[in-house]
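Taken together, the values in this text are just the output of simple stated rules run on the coordinates, not laboratory data. These numbers were taken from a predicted model, which means no experiment stands behind them. Heads up, the Cβs are rebuilt from the backbone with ideal geometry, glycines too, and the neighbour counts pull from every protein chain shown.
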């Protein structure tokens, strides 16, 4: 890898991106195997706004395109609006009915291009080898593949923060190119501002960028660069900020519901939460089949060991220990790189450890994925420089790298498509039976009255429990107008006796 040409590096990055896209799009029409109601809720909002053409910051159920959708505990609106664009495109192309993969395609795009962004950020922090390794580890990460194939808005958070961080750091270091410096700063600000429309955990990110100041505040045109970044980010995030000012209860969302500070044993729970979160990387991961192959460590063991090596050395650098251990270098840029990555990791852990629900929680920890892979990539690059470069023939090195690439890629594919995808637990985690029910209902003639009795419990959305969202999406019957048009009726168990004779009756349990 030493002395790689620009052409070879570009080919390596392209190869990693191809692997990432393949692992995130292969069999997308069938895996995940159903459609979780939270995903379907996004889809139903998307279908609803497609018919409105109205962009609004209001919170009403029929106010069109929104910056915030208050139903189902509240969700920042950017992802649903992007899903609506993809959904409209695919429905027009296929001429058919809504399908789960149409909602998930947006996630594959964000997930795949986070892999590309991590190469650039890793290179900016630790050099080309570390960037390539970190990017490849992300491309083959089961943890990241899982959320890159689910229609959850959280996948946007690492995408925006990775690209915003890269463009900001790169802009600061382009002091001799003032015009390009300001363009990079503006692009970074755009990405950073858009991140506030992604996921509640993203709100810790302003604290991360403060670490840039003590390292670079004396750099040429630093304050102008930082100012452009901040101003652009501010105005991009302003609409959702104004929404939160008008609706302060929505700002906290589910945070207060799951906060550890509502527990009678705060300190005990906090210690346990930290221990569970620390153990999720190499010991026991998320037990929710919707987030993970239940209990599997979030990192495959070779990457897990590299992560520990990188994290361990980064912690020593952060606390000033072993300053003269030269395996990783000691200059100012590397000091910044370790501290920036460490700060990101610690800040991203905060929303996880202060929650008291379902820990270890892979989804809530999604912003921890990029620094985790950077730690592993930096360790891999350093080990290569220290123990591999110059000690083995080029043929041996190439063979070893090719073997590692094949090994991790095959393992990721086997874990996701065969082990997880073939498990009955995955079917249940994504309500596959609701999808089949929806397909059965939409195949019936419009003239046939179709009554769906919603017996399953859940958060009410316009008077109907959340589990009905999957069937509503599959049949495009979310709104009262669509329900009348398709002769579909949703009723609660007490209203079962009002169902007319001759109607087809279905149950959501």
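Annotations
- The length gained by stretching the chain between residue 263 and residue 492 to full extension, at 0.36 nm per residue less their Cα-Cα distance, is 79.0 nm.
- Rounded to 5, the percent of DSSP beta bridges in segment 438-508 classed as antiparallel: 20
- Shape of segment 438-508, Cα gyration tensor, a/c cut at 1.5: oblate
- Computed FRET value (nearest 0.05) for residue 97 with residue 386, which takes r as the C-beta separation and R₀ as 35 Å: 0.05
- Computed from the C-beta positions of residue 436 and residue 22, the FRET efficiency with R₀ = 22 Å rounds to 0.20.
- Listed candidates (1) 42; (2) 29; (3) 25 - label of the one calculated as percent of Cα pairs over 38 Å apart: (2)
- Contour minus Cα-Cα distance for residue 398 and residue 50 (0.36 nm per residue): 120.2 nm
- Using just its DSSP H runs of length 4 or more, each adding -39500 (n - 2.57), the chain gives a mean residue ellipticity at 222 nm of -18500 deg cm²/dmol after division by all residues.
- Sites residue 219 and residue 316, calculated FRET efficiency, Cβ-Cβ separation with R0 25 Å, nearest 0.05: 0.40
- DSSP beta bridges fully contained in the chain are about 30 percent antiparallel.
- Anisotropy class assigned to segment 402-490 is prolate, per the alpha carbon gyration tensor with a/c at or over the 1.5 cut-off and a/b larger than b/c.
- Remark: relative contact order (segment 438-508) = 49 percent; criterion is Cα-Cα distance under 8 angstrom and separation of 6 or more residues.
- Take the Cα of residue 88, step 7 Å toward its Cβ, do the same at residue 275, and the gap between the two points is 5.3 nm.
- Multiplying the residue separation of residue 346 and residue 417 by 0.36 nm and removing their Cα-Cα distance gives an extension gain of 22.4 nm.
- Three-way shape label, segment 109-177, alpha-carbon gyration tensor, a/c 1.5: oblate
- Computed label-point distance, nm, for sites residue 245 and residue 288 using a 7 Å Cα→Cβ extension: 3.3
- Each residue, residue 10 and residue 231, gets one label point 7 Å from its Cα in the Cβ direction; the gap between the two is 3.5 nm.
- Taking every C-alpha pair closer than 8 Å and separated by at least 6 residues, the mean separation divided by the residue count of the chain gives a relative contact order of 19 percent.
- Percentage relative contact order, segment 83-217, counting C-alpha pairs under 8 Å, at least six apart: 21
- Compactness of segment 361-509, taken as the C-alpha radius of gyration over 2.2 N^0.38 Å, stands at 1.76.
- Nearest-ten-degree value, helix 301-318 long axis tilted from longest Cα axis of the chain: 60
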